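Working notes, beginning with the structure itself.
The values are calculated or read from the model by the stated rules, or taken from the named source; none is laboratory data. Keep in mind that this is a model prediction, so the values were computed, not measured. Cβ: placed from backbone, ideal geometry, glycine included. Neighbour counts: every protein chain shown. Please note that ligands, DNA and RNA were not included when accessible areas were found on the heavy atoms of the full protein model with its side chains. Shrake-Rupley method; radii C 1.70, N 1.55, O 1.52, S 1.80 Å.
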Amino acid sequence: MQQVIRPDPAPSRWSYRLQRLMLTPGLRRLLRIGVPVTVLAAVAFTYFSDETRREAIALQLADLRDQIETRPEFMVDLLAVEGASESVETDIREIFPYDLPASSFDLDLEHVREMIEGLPGVAKVDLRIRQGGVLMAEILERQPVVLWRTREGLGALDIEGIVVSEPALRADRPDLPLIVGEGADKRVAEALEILRAAAPLEARVRGLVRMGERRWDLVLDRDQRILLPETNPVQALERVLVLNDVHDMLARDLAAVDLRLSGRPTIRMTPRAVEDWWRVTKMTIGTQ
């Protein structure tokens with residue numbers, strides 16, 4: 001009887017190694033993902049290597065984008081300004097950099113905001129697009145609080161010392177107090193404190209003069225001055241007001257009250273008052 005030789009069921013060495021290799025996660029991912037991606041990339045590269053195809057696709061995409069951006073719900077047809085005076089609104093419309101109607105995708109609102117806030121009279125602006133194609137600009141204007149006189153003319157300043165407008169004449173803004181001198185624009189808040197303290201003399205106050213960019217002189221009518229110190233000028237002025245209430249000092253023939261040295265305030269008389277004093281002194285001596 002002939003013996004039947006059965007094949008060995010065990011795989012060969014190379015077959016075993018190949019089967020083990022196919023079981024590794026990295027190779028399985030490569031075959032499942034990497035090969036298809038590579039094939040697709042090759043097909044896409046071959047397709048887009050043709051310049052005519054590229055231009056056609058670019059035109060289609062541009063046309064599609066234009067169709068989306070110019071839809072009515074994305075168009076801005078009107079600029080509305082709220083909270084601004086007539087002159088400021090005119091300035092805003094003059095510098096607005098776009099022609100309306102325009103797509104909201106084409107509007108750089110941050111650039112528009114910076115341009116509007118660059119106007120002298122504007123402190124802050126809030127921009128937003130409302131339904132109906134309206135670009136709303138809500139304006140917070142700078143409020144002038146003093147007039148500043150320089151060699152170049154007059155400037156209306158806000159509390160931060162920024163020039164809001166340039167009146168031609170003092171009479172154009174009689175409601176604003178006057179400050180004068182180099183550096184006065186940097187101390188507007190301090191000037192207002194002094195003027196508030198001088199309220200009992202309001203009818204006589206003509207303005208504040210910044211001296212040497214260090215201190216203030218309060219100028220009254222009849223060419224009187226109160227020379228205030230560098231530090232604590234309000235407290236120094238309040239002491240003068242107390243003396244004036246008690247002795248009616250400022251009603252006398254005085255040229256200046258000098259408070260620059262807090263420990264030694266002095267009073268300067270007018271030339272006429274000095275002459276009268278000397279005349280009275282001589283008469284007194286002559287009668288002795």
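The alpha carbons of the range 113-255 give a radius of gyration and a Dmax of 19.2, 70 Å, in that order.
Starting from 0.36 nm per residue, how many nanometres of slack lie between Glu114 and Glu89 once their C-alpha separation is accounted for?
On the way: separation 25, 0.36 × 25 = 9.00 nm, distance 1.54 nm.
So the chain would gain 7.5 nm between Glu114 and Glu89.
Taking the alpha carbon gyration tensor of the range 192-236, multiplying each eigenvalue by 5 and rooting it gives semi-axes of 16, 13, 8 Å, largest first. Taken along the Cα-to-beta-carbon direction at a fixed 7 Å, the label points for Leu59 and Leu192 span 6.3 nm.
In this calculation the C-beta distance from Ile33 to Met136 is compared with R0 = 41 Å, giving a FRET efficiency of 0.20.
Met249 contributes about 20 Å² of solvent-accessible surface, heavy atoms of the protein only, 1.4 Å probe. Computed extension gain for Leu78 through Phe96, at 0.36 nm per residue and net of the alpha carbon distance, reaches 5.3 nm. Could you state, as a whole-number percent, how many of the C-alpha pairs of the range 76-119 are farther apart than 17 Å? Tail of the P(r) past 17 Å holds 30 percent of the pairs. Local charge for Ala156 was computed over the other residues whose Cβ lies under 14 Å away, with Lys and Arg +1 and Asp and Glu -1, and equals -4. Could you estimate the translational diffusion coefficient of the range 215-254 from the Stokes-Einstein equation, with Rh from the Kirkwood formula over C-alpha pairs, at 25 °C and 0.890 mPa s, in whole µm²/s? Translational diffusion coefficient: 230 µm²/s. The stretch between Thr24 and Thr231, if pulled fully straight at 0.36 nm per residue, gains 66.2 nm over its current Cα-Cα span.
If I take R0 = 45 Å and measure r between the Cβ atoms of Ser104 and Thr150 in this structure, what FRET efficiency does the formula 1/(1 + (r/R0)^6) give, to the nearest 0.05? The partial results should precede the final answer.
Values: r = 44 Å, r/R0 = 0.98.
Computed FRET efficiency for Ser104 and Thr150 comes out at 0.55.
Normalised per residue, the accessible area of the range 167-227 is 51 Å², obtained with a 1.4 Å probe and no contribution from ligands, DNA or RNA.
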